[in-house]
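Inspection log for the structure reproduced underneath, given as structure tokens.
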């Protein structure tokens, strides 16, 4: 998944209202949240623990919406539907690989954005 880092950068700039320190903190918080999503979603899959996946999904949902990470939001919703209808099986495994690929791409883009601010 290719993130439009220009759009993300603009949203962060608008929210920080010129406060450079807040802009850096906000970008770091987004990055940390995405890393936590990757770690917890993976842990939930490894342990076939629906509760872990539900908790992280609910935790990051506002951030994903606020910063227009639409593909990640849609993919999380697909994963939720698969888990509710089929549980942890082949279809969830395929979803997980696709989601992980998208998430890794977004993390990389946010990481680059974060590095340009330091």
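Coordinate-derived values only; no laboratory data. In this text, all values refer to a predicted model and were calculated from it rather than measured experimentally. Here Cβ is always computed from backbone atoms with ideal geometry, including for glycine, and neighbour counts include all displayed protein chains.
Screening the range 44-76 for residues that are buried (at least 16 other Cβ atoms within 10 Å of the Cβ) and outside any helix (DSSP H, G or I) and picking the one that is farthest from the chain's Cα centre (by Cα) gives 67. Can you find a residue in the range 104-115 that is out of contact with any strand residue (DSSP E or B) (no Cβ under 7 Å at 6 or more places or on another chain), more than 19 Å from residue 10 (Cα to Cα) and loosely packed, with under 15 Cβ neighbours inside 10 Å? Within the range 104-115, one or more residues are out of contact with any strand residue (DSSP E or B) (no Cβ under 7 Å at 6 or more places or on another chain), more than 19 Å from residue 10 (Cα to Cα) and loosely packed, with under 15 Cβ neighbours inside 10 Å.
May I ask you to list the residues in the range 4-28 that are exposed (fewer than 12 other Cβ atoms within 10 Å of the Cβ), touching a helix residue (DSSP H, G or I) at 6+ places or on another chain (Cβ under 9 Å) and closer than 17 Å to residue 108 by Cβ? Selection gives 4 alone.
Inclusion of residue 86 among residues that are under 18 Å from residue 37 (Cα atoms) and free of Cβ contacts under 8 Å to residues at least 12 places away in the same chain is not warranted. Taking the criterion of being over 18 Å from the mean Cα position of the chain (by Cα) and in contact (Cβ under 8 Å) with a residue 60 or more places away in the chain, the residues of the range 89-118 that qualify are 117, 118.
For residue 6, the conditions (1) within 17 Å of the chain's Cα centre (by Cα); (2) free of Cβ contacts under 8 Å to residues at least 60 places away in the same chain are fulfilled apart from (1).
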